[in-house]
Structure formats: C-alpha cells, structure tokens
1. Round to the nearest 10 and give me the degree value, 0 to 90, for the angle of helix 89-106's Cα axis relative to the longest principal axis of the chain.
2. Rg (Å, one decimal) plus Dmax (Å, integer) for the alpha carbons of segment 61-202?
3. Taking the Cα centre of segment 157-202 as origin and charging only Cβ (+1 Lys, Arg; -1 Asp, Glu), how large is the dipole, in debye to the nearest 20?
4. Cα axis of helix 108-117 to longest principal axis of the chain: angle in degrees, 0 to 90, nearest 10?
5. Where in segment 26-68 is the amide nitrogen less than 18 Å from a point lying 7 Å along the Cα-to-Cβ axis of E178?
6. Determine how many Å³ per residue the convex hull of the Cα atoms of segment 126-202 encloses.
7. With every protein chain left in place and a probe of 1.4 Å, what is the accessible surface of R177, to the nearest 10 Å²?
8. Just to confirm my numbers, what's the Cα centroid distance between segment 102-157 and segment 52-77 in Å?
Amino acid sequence: MASSKTSARGEAKTTVSPGAVRDAALTLFAERGYHGTALSQIAEALGIRTPSLYNHMKAKQDLLRDIILETSEQVWAEHEQAVHGVGDVVERLRRTVRVYALRHATHRREALIVNRDVDNLEEPVRSEVLELRRRHAHAIRDLIEEGVAAGRFTEEEPTLAAFGILEMCVSIARWFREDGPRSAEAVAETYSRYALRIAGLN
C-alpha cells in the first residue's frame, strides 16, 4: 500500500512497496489487459511518478511473469495437495475440482490474467506455464480414466470431460462476486459435484 512522507522541504513524497506495485498491476491487468495497461497508469494508481516504479521492477513484463508463473505453480501445488493420500478416485476428483473452483472465486484477478494474457509472456516462461497447464489438465483426465477403469465413472471421453470441468471452473472468475448470494466455498462445493456428474459418477 502506498504511503506518504514529508521531506525536509515540506514536500509530500509517496513511498510504495513491491507488494503494492504487484497489487496495482493485478487490478489494472485484470481490468484492462496487459497491453491495455501502461506503466504510467500503474504509477498513477500508486500516486508516484513512473520512473519510481523501476525501484521495484525491471519491466512491465516482469510483473506479468511473476503473476502468471506464481499463480500457475500454486494451482499445481493445490492439486497435488488435494489428492495426496486420498485413495478413492471419486473423492480425489471432487477435492481437486473444489480447490480449483475455489481459487477462481477467491483469486479472480489472477485467474483473469492467467487465462487471458498467457500469450503475452516471453519465452521461456510462456512454455513453462503452458506445460503446467497441460500437466494439470492431464491429471484431471487421468482421474476420470482411472474412475472409468474402476467402474466409478462412465464418461467415454475423459479428455473432453476434463476440458469441460476446467473451463467450467475458469468461468467463475468472470461472474463471481463476494457480495453475491453464494459464498466462494458454496460455489466451489457445488462445482465439485457438477464435476462428478460430468465424469459420469455411477
């Protein structure tokens, strides 16, 4: 968060933290897109001059990289944590979809940026992020295939089902509001049940 200090000459001087810069970038990238946001707009939101931003970053691309890569890594870590030590394949699918849906309700800015601006990443980070996405999608597909083999699910197109489940959760970031009629937890729980239906739970 930006704060103001008064210099010896009585002039107001605004200081910011790296976290405040990231937060301002999150809001503006989510609202306007990466290319629709100028560094001058981030600086304006923080109440500082544009050159002062370079005390906290090298370039606008650094902000995008950190937001998308960190978010993608967190999504994969949450998936692994959700399924770890859980024997029942139905419960594994339910848990991992629940945490994915919950993330899109509670980290809406990050989700909007990741799903819109990944193509604006420079290499090699872009390929790294896309590989994390593929790994996650394959993990969901593999759970459905495992459930089918065990007689727990009936879906004949696990790849399409996995895609549908993930896209369903991604959409939450576009419509969910904290002051809406349902909590983030309630939405995530409902979507996890939808996922089991998509997989064809017996």
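The values are calculated or read from the model by the stated rules, or taken from the named source; none is laboratory data. Nothing here was measured: the structure is a model prediction, and the numbers come from that model. Quick reminder, even Gly has a Cβ in these numbers, built from the backbone with ideal geometry, and neighbours come from all protein chains shown. Just the protein is used for accessible areas: all its heavy atoms, side chains included, with ligands, DNA and RNA removed. Shrake-Rupley method; radii C 1.70, N 1.55, O 1.52, S 1.80 Å.
1. Roughly 20 degrees, rounded to the nearest 10.
2. That works out to 15.2, 47 Å for Rg and Dmax.
3. Details: 5 positive and 6 negative charges, 20 e Å.
Charge dipole of segment 157-202: 100 debye, to the nearest 20.
4. Computed tilt is about 90 degrees.
5. Answer for this model: 26-31.
6. Numbers: hull volume 7.6 nm³, N = 77.
Dividing the Cα hull volume of segment 126-202 by its residues yields 98 Å³.
7. 110 Å²
8. If we compute the Cα centre of each part, the gap is 20 Å.
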